């Protein structure tokens, strides 16, 4: 992310995100990764596609839940679009 950001800044000018917003996204991603890794380690040997569905599904639920809990505006907007929240 840092390399992409520095390259974009060099080519098109300032493209930075607020530090708080970036921290919220990284914390949500780290929480999802921790849950996904824990599930991966706990799963018995199963077909890779089934394992991916379980692991990535859990990651997604935790990531979206964490972004909603942290008040990321796009997460709240996405839940309204899918009818999960009013």
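Bear in mind these aren't lab numbers, they're just calculated from the coordinates by the rules spelled out. This one's a predicted model, so the numbers in the text were calculated from it and none came from an experiment. Cβ atoms come from the backbone with ideal geometry, glycine included; neighbour counts cover every protein chain shown.
Listed values, structure above:
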quantity: For a label point 7 Å along the Cα-to-beta-carbon line of residue 30, residues of the stretch 53-74 with backbone N under 16 Å; calculated: 63, 66-67, 70
quantity: Option label - volume of the Cα convex hull per residue in Å³ computed here, alternatives [x] 80; [y] 139; [z] 97; calculated: [y]
quantity: For peptides 15-28, 55-68, sequence by mean Cβ density within 10 Å, most packed first; calculated: 55-68, 15-28
quantity: With Cα atoms, 0 to 90° folded angle of helix 2-12 axis to the chain main axis; calculated: 40
quantity: Contact order relative to length of the chain, as percent, for alpha carbon pairs under 8 angstrom and 6 or more apart; calculated: 27
quantity: Where labels lie 7 Å past Cα in the beta-carbon direction, separation of residue 54 and residue 6 in nm; calculated: 4.1
quantity: Cα-based helix-to-principal-axis angle, 48-69 vs the chain, degrees rounded to 10; calculated: 50
